[in-house]
Amino acid sequence: MIKYIMLMIAPFLASNCAVAQDANFYSLHPVQLEKALEKCPGNHPAGVSCEQLNELALRANQLVSELHYNPQVFGKKILALQETLAKLEVELTEKPDVDQLRTTVNENKTQLRERLAIVKWLESPRG
């Protein structure tokens, strides 16, 4: 009986371990982005071109510069994004069929995740 349960659970566990390393992954994991850029152009990761990795690195560098130049403003932008997202998500629950609103919410979430990834990478004790 336990064998059958394990056989049924194994595919789900295996799929959770395999991380799709696309542009979104690298925008949220600056350390892996650096490692992938070191391998370019000879051995770039599947699903992402070296050009895309360079664009992601430029974006990450802009955020790093912004954080180092003025950490308080960087933090205020994070708070402003969180407040905007909260308002937009309330509006989205009222108007669930507005695609432009959904797109705006997703863009703001992406910007927030990128900023938080940079803070985690550079400012947290464990990075």
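Quick note: the coordinates plus some simple rules give every number you see, no bench work behind them. Predicted model, so just to flag it, every value in this text is computed and none were measured.
Past the 20 Å Cα-Cα mark, which pairs from K87/K120; K76/K109; K87/K109; K35/K77; K39/K109? Could you put the intermediate results ahead of the total?
Working: K87/K120 25 Å; K76/K109 15 Å; K87/K109 13 Å; K35/K77 28 Å; K39/K109 29 Å.
Where the Cα-Cα span goes over 20 Å, the pairs concerned are K87/K120; K35/K77; K39/K109.
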More than 23 Å apart - percent of Cα-Cα pairs taken over segment 20-123: 38 percent
